[in-house]
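Structure first, commentary second.
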Amino acid sequence: MQCPACDHALTEKTVGELVVDVCHGCGGIWFDLFEIKKVDEQHETTGESLLDIEKDPQVVVDQTKRRNCPKCENMVMMRHFNSVKREIEVDECPKCGGYWLDTNELAQIRAQYVSEEEKTQAAQTMFNDISADAFAPMHAESKEAAEKAKRIANMFKFICPSTYIPGKQKWGAF
Ligand SMILES: [Zn+2]
Ligand SMILES: [Zn+2]
């Protein structure tokens, strides 16, 4: 596979039970579906050996360029925030569900939350905060209020798709 960020060839790297693909050009890492979940928290120590991928200091990555999935043909990846903290933008393939992380992003992600529960909790708290005003008038069955609530839910889906589970959120079945 080719690096979606700098076009170098990716190299397989085994960490614990995982085999990920790393780029020794830009230092990025490719995770297949669900693989990232196994190393994105600090207590998941297998992830430590992925924090310092050897890279070529000459390689400069264009952060503004959209990237194609290294696995799927002609599939542009979606760029979105990793969590409601909105600090780290990651690339996710809408077809295969794989993730591309640039150099240092895994370290930043691991530093954000202690556990998956804490991450989910933060997402719900944020959603409750921003939607309290929007949902309150729904009791009056106002059409505009319902539309507004829907828009906020859609926005939330966009900021944090990995935390959003359709129909499973306690605050509504969007
Ligand atoms: Zn690269
Ligand atoms: Zn893909």
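Among 76, 114, 90, which is buried (at least 16 other Cβ atoms within 10 Å of the Cβ) and not acidic (Asp, Glu)?
Criteria check complete, one pass: 90.
In the range 98-107, how many are farther than 17 Å from residue 33 by Cβ and in a loop (DSSP other than H, G, I, E, B)?
Looking only at the range 98-107, we keep the residues that are farther than 17 Å from residue 33 by Cβ, and these are 102-105, 107.
Cutting the leftovers down to in a loop (DSSP other than H, G, I, E, B) gives us 102-104.
The total comes to 3.
Under the condition of being in a strand (DSSP E or B) and of a type in the set (A, V, I, L, M, F, W, C), which residue from the range 78-97 is nearest to residue 66 (Cα to Cα)?
78
Restricting attention to the range 39-51, does a residue exist that is of a type in the set (S, T, N, Q), surrounded by fewer than 18 Cβ atoms within 10 Å (Cβ to Cβ) and modelled with pLDDT of 95 or more?
no
Among the residues of the range 79-97, is any under 26 Å from residue 121 (Cβ atoms), more than 14 Å from ligand 2 (Cβ to nearest atom), over 17 Å from the mean Cα position of the chain (by Cα) and touching a residue at least 12 places away in the same chain (Cβ under 8 Å)?
No, because not a single residue in the range 79-97 is under 26 Å from residue 121 (Cβ atoms), more than 14 Å from ligand 2 (Cβ to nearest atom), over 17 Å from the mean Cα position of the chain (by Cα) and touching a residue at least 12 places away in the same chain (Cβ under 8 Å).
For the range 98-111, enumerate the residues that are under 13 Å from the mean Cα position of the chain (by Cα) and either surrounded by 15 or more Cβ atoms within 10 Å (Cβ to Cβ) or of a type in the set (A, V, I, L, M, F, W, C) (or both). Even if it seems obvious, please write down each step before you answer.
Filtering the range 98-111 down to residues under 13 Å from the mean Cα position of the chain (by Cα) leaves 98-102, 105-106, 108-110.
If the condition is that a residue be under 13 Å from the mean Cα position of the chain (by Cα) and either surrounded by 15 or more Cβ atoms within 10 Å (Cβ to Cβ) or of a type in the set (A, V, I, L, M, F, W, C) (or both), then 98, 99, 100, 101, 102, 105, 106, 109, 110 are the ones that fit.
Going by the conditions given, is residue 67 within 16 Å of ligand 1 (Cβ to nearest atom) and in the same structural domain as residue 101 (by TED's automatic domain parsing)? Give the steps one after another, and end with the answer.
Working: within 16 Å of ligand 1 (Cβ to nearest atom): yes; in the same structural domain as residue 101 (by TED's automatic domain parsing): yes.
So residue 67 passes the test.
Considering only the range 108-125, I want to know if a residue exists there that is within 17 Å of residue 33 (Cβ to Cβ) and within 16 Å of ligand 1 (Cβ to nearest atom).
Checked the range 108-125: no residue is within 17 Å of residue 33 (Cβ to Cβ) and within 16 Å of ligand 1 (Cβ to nearest atom).
If residue 119 satisfies every condition in (1) within 16 Å of ligand 2 (Cβ to nearest atom); (2) in a helix (DSSP H, G or I) but one, which is the exception?
So the condition that residue 119 fails would be (1).
The values are calculated or read from the model by the stated rules, or taken from the named source; none is laboratory data. Just so it is clear, the structure is predicted and the values come from calculations on it, not from any experiment. No Cβ is skipped: glycine too gets one built from the backbone with ideal geometry, and neighbour counts run over all protein chains shown.
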